[in-house]
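Structure first, commentary second.
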Amino acid sequence: MSAHSARPGAALVHAPRLHGHLPVLDGVRGLAVLLVVFFHTTHLSDQSVLGRATWWLAGAGWTGVDLFFVLSGFLITGILWEAKGQAYYFRNFYARRLLRIFPLYYATLAVSFLVLPHLAGRLGLDERITTDGAVWYLLYLSNFYQLWVDTTHPILGVVWSLAIEEQFYIVWPFLIAAVSYKGAIRLCLGTIALAVLVRVGLTLAGASEESTYVVTLCRVDSLALGALLSLVMRHPEGLGLSAFPWMRWAPLLALPIVVAAIALPVGPAFKTVVRTGGYTAVGILYTVLVYRVVTARPGSLLNRVFSSRMLLLYGKYSYAIYLVHSPLDAILRRTVLKTPFPHVAGSDFPVQLLFYAVSLSLSLGLALVSWNVFEKHFLKLKDLFPYSPPAVTSAPAAGVPGGADGAASPAEAPPISRAG
């Protein structure tokens, strides 16, 4: 059988279990959202070694959005590939995405545009919390609005990546439906190359740093990297990575770029490296992480880390945490734990630790309320739009997510996003 002509449901011998809920991917999602929250809630001024190390680690938190992108591309492409050819392919996909994403997103917009502008003065919030740009947010075009006004919304600055995801969801199902397995691999590779070329072109043309950060075509490489991994692990003859030996060299090419970015002081050279090849390099390393986590043996160190209770908890509720942590940060910084932080024993590091604890706890608490009072009731409606179980002609070996996507399943992953 040709590796490129086989149907999507062909043998999956090499891949780990490609169907059902894989909890470790909730752990990966938990790491991603913690990186983003860490990035946004670091405000200390301590210049000791510990303070500078904290700032350096927090500064890498923006990459959490790239981990989200990789994971989203991986899961969504798995769903689409295994549903390919089924009745109601498009209807079921879009209905399930709508039920997962829209309710909480639009509830957040309602609070942000209808409630908080009237309370901003009383709570001491940013005076820019207004209804400006509401239509752009309603249409999932906030990333372009952010570029146009050259600033971020004080409490909705994180949703630009949700807009990128939604734009990806609009197009990707049609592309996957139209191509063969070989075509899908080329589609992913072409998308990755396109993103790099667009970023390089914009950089050479003197475009703003923001343009290469929030324009959709500049950031789809991480989504396509996750998609590529998903397809590779669903090789129609069960060959997996062995069918694509060149993929083993990709991390070796990405690592020097990441190391160079780390070694460079923040400045023009650093920004040029990051905005051209850096985003792709980070995406490659996170793709390797997803692969390693998915294929890790039960009981191994990697499996235990990403099965830890904390990562699983924050991963399950990551969507709401992502949406609420930024408004909470703004309120806390202007009310109870005001910035600049007070010093204890000559340092504001202890108060920063307290701020982390309060922010994470309140974000999780609100996410739990959101899930139980609001989100899960919409998710039950997904049963009206079921996917057929994918055909498997060979017994799978061990575990990766695929077509099954229950309410808490990684295959129905919450959307993502990043540091605003």
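The values are calculated or read from the model by the stated rules, or taken from the named source; none is laboratory data. As the structure is a computational prediction, the values presented were derived from the model and not from experiment. FYI the Cβ positions are ideal-geometry reconstructions off the backbone, even for glycines, and counts take in every protein chain you see. The area values use the complete protein model at the heavy-atom level, side chains included, leaving out ligands, DNA and RNA. Shrake-Rupley method; radii C 1.70, N 1.55, O 1.52, S 1.80 Å.
Taking the C-alpha atoms only, the angle from helix 250-263 to the longest principal axis of the chain is near 10 degrees. Result for the chain in a Gaussian network model with C-alpha springs under 10 Å: among Val33, Val179, Val196, the largest mean-square fluctuation is at Val179. Computed from the alpha carbon positions, the gyration tensor of region 190-286 leads to an equivalent ellipsoid with semi-axes of 27, 16, 9 Å, biggest first. Taken one residue at a time, the phi angles of region 267-278 give Karplus couplings (6.51, -1.76, 1.60, θ = phi - 60°) of x, x, 5, 4, 5, 5, 5, 5, 7, 9, x, x Hz. Gly and Pro are set to x.
By definition, a body whose alpha carbon gyration tensor gives a ≥ b ≥ c is prolate when a/c is 1.5 or more and a/b is larger than b/c, and region 109-188 fits this prolate description. Please find the FRET efficiency linking Leu139 to Leu189, where r is the Cβ-Cβ separation and R0 is fixed at 41 Å, and quote it to the nearest 0.05. Working from the Cβ atoms, E equals 0.85. Set the Förster radius R0 to 56 Å, insert the Cβ-Cβ distance between Ser208 and Arg309 as r into 1/(1 + (r/R0)^6), and round the FRET efficiency to 0.05. Calculated transfer efficiency: 0.85.
Over region 72-111, accessible surface divided per residue gives 30 Å², non-protein components excluded, 1.4 Å probe. The orientation-averaged shadow of the Cα convex hull for region 69-211, equal to a quarter of the hull surface, comes to 10.2 nm². Think of each Lys and Arg Cβ as +1 and each Asp and Glu Cβ as -1; about the Cα centre, that makes the dipole of the chain roughly 800 debye.
Sorted on the mean count of surrounding Cβ atoms within 10 Å across their residues, most packed first, peptides 208-216, 273-281 read 273-281, 208-216. Its alpha carbons give region 293-392 an Rg and a Dmax of 19.2, 64 Å.
Here the extension length gained between Leu217 and Ser180 equals 11.0 nm, from 0.36 nm per residue of separation less the Cα-Cα distance.
Expressed as a fraction of 2.2 N^0.38 Å, the value expected for a compact globular protein of N residues, the C-alpha radius of gyration of region 240-324 is 1.38.
When its C-alpha radius of gyration is set against 2.2 N^0.38 Å (N residues), region 209-363 gives a value of 1.34. The Kirkwood hydrodynamic radius of the chain, based on inverse pair distances between different Cα atoms, is 22.1 Å. Lysine pairs in the chain whose alpha-carbon atoms fall under 18 angstrom of each other, counting only those eight or more residues apart or on distinct chains, come to 4.
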